[in-house]
Protein chains: 2
Amino acid sequence: MPGQPRNSRTSEESRNSRIQRQVMQLIIDRRLQAGALLPTEAELMDGLGVSRNSVREALKALQALDIVEIRHGYGTYVGQASLTPLIDGLTFRTLARHGHDDSGALAEILQVREVLEEGLIRRVAATVTEGELDRLEVVVSRMEVAGRAGRPFPDLDREFHELLYASLGNDLVPQLLAAFWTVFRRVNGARGRSEDPSPSLTARWHRDIVTALRARDVEGAQRAMTVHFHGIARRAAG
Amino acid sequence: MPGQPRNSRTSEESRNSRIQRQVMQLIIDRRLQAGALLPTEAELMDGLGVSRNSVREALKALQALDIVEIRHGYGTYVGQASLTPLIDGLTFRTLARHGHDDSGALAEILQVREVLEEGLIRRVAATVTEGELDRLEVVVSRMEVAGRAGRPFPDLDREFHELLYASLGNDLVPQLLAAFWTVFRRVNGARGRSEDPSPSLTARWHRDIVTALRARDVEGAQRAMTVHFHGIARRAAG
DNA sequence: ACATATTTGTTCGTATGTATC
DNA sequence: CGATACATACGAACAAATATG
């Protein structure tokens, strides 16, 4: 039976996480932006007074968080700090926790997406420009073409929702939604569920959203979004 | 000038990420739950046909994602797959991208929280039980005590919002909100901003939320939540 | 096209710290 | 207390990828 970790001396941080912290601090202190070149492993060894293996283990951990990006034979760069770790974590968590037959975890993700998008669509209705609506309509038209042919259109779906929230000027929003979207799709795919049983119906949901936005009908837009999500949920539950 | 990575042979996965994937697959395939003991490094070496260092680097990466948990001298366990990586990533991203003086990144996080909680509170109003309301009221009372003494109460605040969404039965929701909350607090703290300039006001916002919920006043609850967030935003902008 | 320097990737050996029995 | 099993850490060497001349 494992007890709590010993930790004899007080506030002793593990070597590895200390190095991770130091590298992050180095990036912040030197104002390094994404894509900037980091010190080499050898320089970090000297600067931090640890072995190469320790440096490498810390860098691997930071790479998993997309805080650094390592290129074989060239160097280590400051990473994008994207939400990739969230995608990986949520995907794993969903597959590992509920085995291979439960859909409860997917429903949780879907509920978060639904709440977010229902709230966001109201704000979008106030800020979206005619130009953005035109671009959205182009995407919807392509959805309808695919839908009539019975072809699913995951990329168009993703593009639609990304375009939709561009006018908010909040970079976190589209990344977060894209993360949830990706997890949903990955887990659904890993369970062998069909991609989109009725593309034409999905296309119409999106058409309804644009129509309501064009009319600056806040309530209607939110209602259309709700319908959209209830449609997804019904499929996922089956 | 660095170009794009070579990647001569198509679909070549790096060794390290392959090992990571294999370990995750092992957990899923064996139906290992959080806290379960994983094979030792030596066993993984044999099983995957790679050296100890490669195994260790992969495990460190998985540890950063909270997919495994490594205990010195004892063994490696399946992790909680919490949202810790999201917290770390968002904190770093906020501090690194906007330097030390901008509050735009904090505003983005706050907007996501606001949209989420405004949407969630409406659902809570329909599902929350009297017992849960009682517990919420206890927390609020303690807030008011602290508020009258001028003491900030970050832990009570966190507990309130966690309790609030418990009735939804969606485990992801409180974890996600807690993650945003932690990032906000950490970044705000790293910038030397005062914790909560007027605790008594904060306490009243929470009181108003409970009062509206008790009356099953959906609109009022959402309005109270909006007021709460606008208050936070006003402070963060200063 | 070739050689070379630089940088990361991988492996091995060894020693040390930590928990269990 | 010792014995055992395990993770942690360091150092050295070679392999592979990349850039430069």
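The values are calculated or read from the model by the stated rules, or taken from the named source; none is laboratory data. In this text, all values refer to a predicted model and were calculated from it rather than measured experimentally. Here the Cβ positions follow ideal geometry from the backbone for every residue, glycine too, while neighbour counts run over all protein chains shown. Keep in mind that these areas ignore ligands, DNA and RNA; they rest on the heavy atoms of the full protein, side chains included. Shrake-Rupley method; radii C 1.70, N 1.55, O 1.52, S 1.80 Å.
Descriptive notes on the structure:
- Filter pass, A:Pro197 being at pLDDT 95 or above and out of contact with any Leu (no Cβ under 8 Å at 6 or more places or on another chain): no
- Residues satisfying the stated conditions in segment A:89-101, i.e. under 18 Å from B:Met24 (Cβ atoms) and more than 7 Å from chain B (Cβ to nearest Cβ): A:Leu90, A:Thr91, A:Thr94, A:Arg97, A:His98, A:His100
- A:Glu162 under 13 Å from A:Ile232 (Cβ atoms), at pLDDT below 95 and within 20 Å of the chain's Cα centre (by Cα): no
- Residues (among the acidic types (Asp, Glu) and open to solvent by 40 Å² or more (accessible area, probe 1.4 Å)) located in segment B:85-111: B:Asp88, B:Asp101, B:Asp102
- When segment A:33-60 is filtered for residues that are in a helix (DSSP H, G or I) and more than 12 Å from DNA strand C (Cβ to nearest atom), the ones remaining, listed by number, are A:Gly47, A:Leu48.
- When restricted to residues that are touching a residue at least 12 places away in the same chain (Cβ under 8 Å) and either touching a Gly at 6+ places or on another chain (Cβ under 9 Å) or farther than 21 Å from A:Arg193 by Cβ (or both), segment A:134-148 contains 8.
- Residues (more than 8 Å from chain B (Cβ to nearest Cβ) and touching a strand residue (DSSP E or B) at 6+ places or on another chain (Cβ under 9 Å)) located in segment A:76-88: A:Thr76, A:Tyr77, A:Gly79, A:Gln80
- Criterion (out of contact with any Leu (no Cβ under 9 Å at 6 or more places or on another chain), among the polar types (S, T, N, Q), modelled with pLDDT of 95 or more and open to solvent by 40 Å² or more (accessible area, probe 1.4 Å)) met by exactly one of A:Ser82, A:Ser141: A:Ser141
- With respect to the stated conditions, A:Arg151 is out of contact with any Lys or Arg (no Cβ under 9 Å at 6 or more places or on another chain) and either basic (Lys, Arg) or open to solvent by less than 30 Å² (accessible area, probe 1.4 Å) (or both).
- Pick from segment B:61-98, criterion closer than 30 Å to B:Glu108 by Cβ and among the small types (Gly, Ala, Ser), ranking: nearest to DNA strand C (Cβ to nearest atom): B:Ala61
- Beta carbons closer than 6 Å, at least 6 apart along the sequence or on distinct chains, pair a first residue in segment B:31-56 that is farther than 16 Å from B:Gln20 by Cβ with a second that is away from DNA strand C (no atom under 16 Å from the Cβ) and not in a helix (DSSP H, G or I) for B:Ala34/B:Val78; B:Ala34/B:Gln80; B:Ala36/B:Val78.
- Screening A:Asp196 against (1) in a helix (DSSP H, G or I); (2) surrounded by 16 or more Cβ atoms within 10 Å (Cβ to Cβ); (3) of a type outside the set (A, V, I, L, M) leaves a single unmet condition, (1).
- Matching residues, segment A:72-83, being under 19 Å from the mean Cα position of the chain (by Cα) and either in contact (Cβ under 8 Å) with a residue 60 or more places away in the chain or within 16 Å of DNA strand D (Cβ to nearest atom) (or both): A:Ser82, A:Leu83
- Top-ranked residue of segment B:20-55 - restricted to ones that are within 11 Å of chain A (Cβ to nearest Cβ) and touching a Lys or Arg at 6+ places or on another chain (Cβ under 9 Å), ranked as most open to solvent (accessible area, probe 1.4 Å): B:Gln33
- With respect to being more than 30 Å from B:Val23 (Cα to Cα), within 13 Å of chain B (Cβ to nearest Cβ) and modelled with pLDDT of 95 or more, A:Leu116 fits the description.
- For B:Asp171, the stated conditions do not hold, so it cannot be described as surrounded by fewer than 16 Cβ atoms within 10 Å (Cβ to Cβ) and at pLDDT 95 or above.
- Checked against (1) farther than 30 Å from B:Phe184 by Cβ; (2) open to solvent by 30 Å² or more (accessible area, probe 1.4 Å), A:Arg185 passes all but a single condition, namely (1).
- Residues that are among the hydroxyl-bearing types (Ser, Thr, Tyr), outside any helix (DSSP H, G or I) and in contact (Cβ under 8 Å) with a residue 12 or more places away in the chain occur in segment B:99-116; there is at least one.
- Among the residues listed as B:Glu69, B:Glu13, the single one being more than 9 Å from chain A (Cβ to nearest Cβ), open to solvent by 60 Å² or more (accessible area, probe 1.4 Å), within 23 Å of the chain's Cα centre (by Cα) and of a type outside the set (A, V, I, L, M, F, W, C): B:Glu69
- Pairs linking a residue in segment B:167-179 that is more than 8 Å from every other protein chain (Cβ to nearest Cβ) to a residue that is aromatic (Phe, Trp, Tyr), with Cβ atoms under 9 Å and 6 or more positions apart or on different chains, are B:Pro174/B:Tyr165; B:Leu177/B:Tyr165.
- Annotation note: of B:Glu12, B:Glu57, the sole residue that is at pLDDT below 90 and within 16 Å of DNA strand D (Cβ to nearest atom) is B:Glu12.
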